[in-house]
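Data block below; observations after.
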Amino acid sequence: MSVAIYPGSFDPLTNGHLSLIQRGLKLFDKVIVAIAVNPKKQPLFTVPERKTFIRDAFPDEARVEVDDFQGLLVDYGKRRGVKVMLRGLRAVSDFEYEFQLANMNRKLDPEFETVFMMTGEDYFYVSSNLVREVASFGGNVDGLVPANVAAGLRAKYANKGSTP
């Protein structure tokens, strides 16, 4: 069985993420969507909330697994027995960071590979940070995120005011 890990913060999940997962399922038998937990960051959504958003986006797709991890991705991959990471590239600006990350992971584990996919033209400008910022000012993020995520953003920012 071919399996890839698609890591990220997914704070929040965007339609660009969904597109990459769907396209990844054309290449791999299973995609593990792995929420990276960084104790130094203050996410908008909790890990359980983010897991729910992702699971709700793929209700009948058994080949999508949602998990979370802390620490190095290569260590998580070893624990899971997975040697492939799936990553999306939106623009040239993503390439340098992703190239460094892929090479560091390969240095840490020479058998660990990274598969890059270009983000679809509909979502190349969408990032979780940008979505959060737009939503924090009351902007409409419909079409950029799944409906349940848009509702979650409205609820979070209704409770927080308009502070990103």
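Listed values, structure above:
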| quantity | calculated |
| --- | --- |
| Residue within region 60-71 that is under 26 Å from residue 147 (Cβ atoms), without any contact (Cβ under 8 Å) to a residue 40 or more places away in the chain and of a type in the set (A, V, I, L, M, F, W, C) present | yes |
| Positions within region 124-155 being in contact (Cβ under 8 Å) with a residue 24 or more places away in the chain and touching a strand residue (DSSP E or B) at 6+ places or on another chain (Cβ under 9 Å), in sequence order | 124, 126, 128, 131, 152, 153 |
| Hits in region 26-42 - residues which are more than 13 Å from the chain's Cα centre (by Cα) and either surrounded by 10 or more Cβ atoms within 10 Å (Cβ to Cβ) or within 25 Å of residue 134 (Cβ to Cβ) (or both) | 27, 28, 29, 30, 38, 40, 41, 42 |
| Residue list for region 1-28, restricted to those being more than 19 Å from residue 144 (Cβ to Cβ) and in contact with a Leu (Cβ under 6 Å, 6 or more places away or on another chain) | 4, 7, 24 |
| Complete set of residues in region 1-47 that are of a type in the set (A, V, I, L, M), assigned to a strand (DSSP E or B) and free of Cβ contacts under 8 Å to residues at least 60 places away in the same chain | 31, 32, 33, 34, 35, 36 |
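Any read-out appearing in this document is the output of simple, stated calculations on the displayed coordinates, not a laboratory observation. Only a predicted model underlies this, so the values are computations on that prediction, with no experimental measurement involved. For neighbour counting, all protein chains shown are included, and Cβ atoms are generated from backbone atoms with ideal geometry for every residue, glycine included.
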